[in-house]
Structures are given as C-alpha cells and as structure tokens.
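Peer 1: First the structure, then my questions, so here it is.
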Amino acid sequence: MSRFLFLLFLTLILLAAVYRLDNRAFIPSDTPRKPYLQQVQGDSALVCWRRVSSGFPQKVEWRMTGTSDWNAGAEVVQEEGPGPVYNFTSRLSPLPPDARVEYRVLSADLILGRGIFHTAKDSESANPLKVWVLGDSGSGKREQYHVLNAMAKHTATPDAKTEIDLMLHVGDMAYSHGTEGEFDGRFFRPYSEMLAHLPCWPAIGNHEIKSSDVETESGPYFDAFILPMAGEGGGAPSGTEVYYSFDNGPVHFIALDSSGGKITADSEMIRWLKKDLASHDREWCIAFFHHPPYSLGTHTSQTARDSRGRLVAMREIVMPLLEAAGVDLIMAGHSHCYERSAIVKGVFGYGSAPDHVVPDRETLRNDGRILHENGDQYEVARGEGSLYVVVGHGGAGVGLRGEHPLMDRFDDQHGSLLLTIDQRSLLLENVVSNGEVMDRLLLLRPTP
C-alpha cells in the first residue's frame, strides 16, 4: 500500500511539473507556427508560417470571398529559423481595398492552414475600422484565454467569427523573457486562430527585450514580426522595425519603442517621429507603446525610480510632441490595469526633475489642462486634446495602487479594448474577461 501511495504521489508531482513547465512556456523553440498575417497594408498582405522543411513545394493561394478562382501568391521566401524549422513568407497582391479575402497555404496537396481577412481600407472607406488593443497578455494562464474568448464573443457576427480588422499589442506578449518557446506558448498558441484572420501590429515590451536586441534588431521578437521600415504602410520611413507607422482607413498609427532604445530629445526615434507626425493626412492619429506616461497601477508614473525612469521620460519628452501634432489617442501597457483619462492637454513639465510629479485633479482643472471629463461622449476637434489609456490588463496579474489625477476610469479586472473608428467618430470599449463592457466612450468630430 505504501509503495502504491508513493508511486501515486510521484506521478502527481510529475504531472504538476509538466503542467507548470508548459504554463511557463518552457517548450522547445523549434515548434511549428500555423499561418498568420502580417503587414496588411495598402494593396498587399504577408502570410507567414514556420515548420520543418518537408522538401515539398509550398505555396499560398488567395481569392475574394464568394468567388471560385484562386490567385497565386508571390514565390515563397524560406529563411532559417531556430533548430530544424524554417520561417516561410509569401506576399499577396494586388489586393482591392476594404474587401474580404480568403487564403490557403499548401505543401503539395496538403493544406497547412487557411484564413479570411479584411484588406486595408482607404482613407474614405464607408465601413468602420475595428481594432483590438491588447497589452501585457502573455502569461499563458487561464486569464489570458478568458480575455481572448470575451473579445471573440463580443465581436462575433453571423457571417464571421470576428469582424476585427487588426490587433495592436502594446507589449509584454511573451512572459517572462520573450524567448522563442515563450512566444510559441504564450502568443502564437493562444491567438493562432485570431492571427490567421487579422494582423498583429506590436510595440516591443520590456519582457521582449530580455531576449531580443533593439540595436541589432535580432531575437525572437524580430523573428516573429515583419514590420514596415520604408514607409510602405504610410508615414515616414523609419529605417527600423523597432518603431514604425502605418495607415488603415481614417487612422494613422504610430508604434514607438519605450523599452529598449534611448528616450532622449535628440534620439533617432524622436527625429523620425517629428517627420512622421508632419507627414500623415488621416483624420485620426493613434500612438501606442509599452510604458505609460500616466498610471497608478502595478507601476507608477509619479517617480523616475519606476522602470528606470521610462514612464517619466515618455511623458516629459514624447508626449509634448504627440499632443502638439494633434494625436487623438495614446495607449500603453506595462502597468497591469485599465485606466482611461479625461480629454487633456499639456499635463507635463510639472515639478522638478527627475520625477516631474503630476499634481492633483483640482490643480489640473485650474491650470486648464482638463478639457472634458466624466462623460461618455465628447465632441473633440483635431488637435483639441488627447485621450490616454492604459491597457495592461490582458492576462498578467492585475492591480491598482491609487487613482491617478488624470484618469476618469479605473479597472483591475482582466480585459482588452475594442476601437471602432470611422471618419467622424471613435468608439472605445473596455471588454473585460466575463464579457461585460465596463467602459464605453465615444469621441465625435464637430459637424462641418
């Protein structure tokens, strides 16, 4: 009997260890990746996948939904990946704007994967752009899956599993060190179905830079994503995949690096940002990155001692440029909570270095920094003010340490954000893991 109990106990220990290792994404780095989309922009899209080379020819075919004839994608590009696997890429073009396209990836006669996606919208599209915004999600725990399922259910329609056009990720998508195995287990595995139907546009987080180098643009993060460097998606060429911009529909999107590179007034990123902000012509402008300029969640922006001063640096160096250029919505993660501001302008330069502590709400009101507050709908002209959102509640442990004086809404439930945008309006919805919409805000452009 004692021997049986000992073997049972040992078996349970082994099962628990296997579960924990898998939950922490300690899995081989040579895991295949199902086909996923990248760079859906202009008149083209990239289909990417990873697998052991079989020796059989591989190809991608696409067609408009509702049609019968398949078109050939560009010749498949094969590059070495970790271990015995290879990374494969094929470009689909020319694609019509604002259309539904079906694709399939084949190795000989075997279908490796397939998907349906929305092509990029032009600036005058009559259909709204739907954007899923996710941050600090890569825990591999059940909360991450609950957030995913809640958004999938929220956006499902009778005609499609989701009508989302694209995903923005504000970083920390593969805890804890952004390794190949953690990307496989905590990003590509949970979101494999979504990623077959919509592209992810990421900003690098502090956990990704533990295994990836922004100077050499190497490592698992840069292996996972193919990002625009030459302005091919709209905006000014950045010459790097560390920060970039692109257009879709009525929106110009800007992804910045707050995690790895220098945040100084004379940095290459800042020089590029000034050019990019001056180059776009879209109705709305959205910037996203990892470290929030305003937060009192699991991190605080009220001291430069937090995160080596990166939250304060983003506020004092980058926010003046974004606001002066009329950026409408500024989103970050890092702080594991949901926080949404009033419509504000000029909340920087307070106090003394290095902390530049933001004062209380009454002081901000008296200084004219709070333009609209405590409402669920605002009419905001271009350049009138900016909205700040912390969306770091995608799967990692959540928490709030206080109420930041800039913020109107706070939530320490897991969730993610849905944006619905057209020429005259921007709707923001915070969808938490139980499916409830806990915050909804509508921004409207004034009637011409």
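The values are calculated or read from the model by the stated rules, or taken from the named source; none is laboratory data. It should be emphasised that the depicted structure is a prediction, and the values quoted were computed from it without experimental measurement. Note: ideal-geometry Cβ built from the backbone for every residue, glycine included; neighbour counts use all protein chains shown.
Peer 1: On the given criteria, is residue 67 farther than 22 Å from residue 226 by Cβ and at pLDDT 85 or above? Before the answer, list the steps.
Peer 2: Values: farther than 22 Å from residue 226 by Cβ: yes; at pLDDT 85 or above: yes.
For residue 67, the condition - farther than 22 Å from residue 226 by Cβ and at pLDDT 85 or above - is met.
Peer 1: Looking only at the stretch 94-144, filter to residues that are in a loop (DSSP other than H, G, I, E, B) and within 30 Å of residue 176 (Cα to Cα); which one of those is nearest to the chain's Cα centre (by Cα)? Full working, then the answer.
Peer 2: In the first step, residues of the stretch 94-144 are kept if they are in a loop (DSSP other than H, G, I, E, B); the result is 94-99, 108-109, 119-128, 135-141.
With within 30 Å of residue 176 (Cα to Cα) added as a condition, the list becomes 135-141.
Numbers: 135: 7, 136: 9, 137: 10, 138: 12, 139: 15, 140: 17, 141: 19 Å.
So, considering only residues that are in a loop (DSSP other than H, G, I, E, B) and within 30 Å of residue 176 (Cα to Cα), the one nearest to the chain's Cα centre (by Cα) is 135.
Peer 1: Across the stretch 319-350, what is the number of residues that are among the β-branched types (Val, Ile, Thr) and out of contact with any helix residue (DSSP H, G or I) (no Cβ under 7 Å at 6 or more places or on another chain)? Break it down into steps so the answer makes sense when it comes.
Peer 2: Taking the stretch 319-350 first, the residues among the β-branched types (Val, Ile, Thr) are 327, 330, 343-344, 347.
When the remaining residues are screened for being out of contact with any helix residue (DSSP H, G or I) (no Cβ under 7 Å at 6 or more places or on another chain), the result is 327, 343-344.
Qualifying residue count, the stretch 319-350: 3.
Peer 1: Here's something else I'd like to know. Give the number of residues within the stretch 287-299 that are surrounded by fewer than 24 Cβ atoms within 10 Å (Cβ to Cβ) and among the aliphatic types (A, V, I, L, M).
Peer 2: 1
Peer 1: So the check is Cβ under 7 Å with 6+ separation or different chains; which pairs have a first residue in the stretch 293-308 that's touching a residue at least 24 places away in the same chain (Cβ under 8 Å) and a second one that's among the acidic types (Asp, Glu) and surrounded by 20 or more Cβ atoms within 10 Å (Cβ to Cβ)?
Peer 2: 295/339; 297/339
Peer 1: How many residues are within 29 Å of residue 282 (Cα to Cα) and not in a strand (DSSP E or B) when one looks only at the stretch 394-409? Give the derivation first.
Peer 2: Start the filter on the stretch 394-409 by keeping residues that are within 29 Å of residue 282 (Cα to Cα), which leaves 394, 406-409.
Of the ones still in play, those that are also not in a strand (DSSP E or B) are 394, 406.
Residues in the stretch 394-409 being within 29 Å of residue 282 (Cα to Cα) and not in a strand (DSSP E or B): 2 in total.
So that you can scan it fast, the table gives a plain yes or no per residue for (1) in a helix (DSSP H, G or I); (2) touching a strand residue (DSSP E or B) at 6+ places or on another chain (Cβ under 7 Å); (3) of a type in the set (Lys, Arg); (4) within 23 Å of residue 305 (Cα to Cα):
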| residue | (1), (2), (3), (4) |
| --- | --- |
| 359 | no, no, no, yes |
| 364 | yes, yes, no, no |
| 375 | no, no, no, no |
| 389 | no, yes, no, yes |
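Peer 1: Just give me the residues in the stretch 326-347 being in contact with a Cys (Cβ under 7 Å, 6 or more places away or on another chain) and surrounded by fewer than 23 Cβ atoms within 10 Å (Cβ to Cβ), in sequence order.
Peer 2: Within the stretch 326-347, 326, 327 qualify.
Peer 1: Do we find a residue being charged (D, E, K, R), buried (at least 19 other Cβ atoms within 10 Å of the Cβ) and out of contact with any Phe, Trp or Tyr (no Cβ under 8 Å at 6 or more places or on another chain) anywhere in the stretch 393-409?
Peer 2: Yes.
Peer 1: For the subset of the stretch 29-56 comprising residues that are in a strand (DSSP E or B) and among the hydrophobic types (A, V, I, L, M, F, W, C), which member is nearest to residue 197 (Cα to Cα)?
Peer 2: Kept after step one, since they are in a strand (DSSP E or B), are these residues of the stretch 29-56: 33-41, 44-52.
Narrowing the set further to residues that are among the hydrophobic types (A, V, I, L, M, F, W, C) leaves 37, 40, 45-49, 52.
Details: 37: 7, 40: 11, 45: 11, 46: 12, 47: 10, 48: 12, 49: 13, 52: 23 Å.
Taking the candidates together, the pick is 37.
Peer 1: Okay, next question. Mind checking which residues of the stretch 73-85 are in contact with a Lys or Arg (Cβ under 7 Å, 6 or more places away or on another chain) and either in the same structural domain as residue 166 (by TED's automatic domain parsing) or not in a loop (DSSP other than H, G, I, E, B) (or both)? Spell out how you get there, then give the answer.
Peer 2: Going residue by residue through the stretch 73-85, those that are in contact with a Lys or Arg (Cβ under 7 Å, 6 or more places away or on another chain) are 73-74, 76, 81, 85.
85, the sole residue that qualifies.
Peer 1: Do we find that residue 216 is part of a loop (DSSP other than H, G, I, E, B) and without any contact (Cβ under 8 Å) to a residue 12 or more places away in the chain in this structure?
Peer 2: Working: part of a loop (DSSP other than H, G, I, E, B): yes; without any contact (Cβ under 8 Å) to a residue 12 or more places away in the chain: yes.
Considered against the rule, which asks whether it is part of a loop (DSSP other than H, G, I, E, B) and without any contact (Cβ under 8 Å) to a residue 12 or more places away in the chain, residue 216 comes out as yes.
Peer 1: So, in the stretch 215-234, of the ones that are more than 21 Å from residue 331 (Cα to Cα) and of a type in the set (A, V, I, L, M), which residue ends up surrounded by the fewest Cβ atoms within 10 Å (Cβ to Cβ)? So that I can check it myself, show each step before the final result.
Peer 2: Here is the first cut: in the stretch 215-234, the residues more than 21 Å from residue 331 (Cα to Cα) are 215-220, 222-224, 226, 229-232.
Applying the additional criterion that residues be of a type in the set (A, V, I, L, M) yields 224, 226, 229-230.
Details: 224: 25, 226: 15, 229: 16, 230: 10.
Applying the filter and picking the extreme gives 230.
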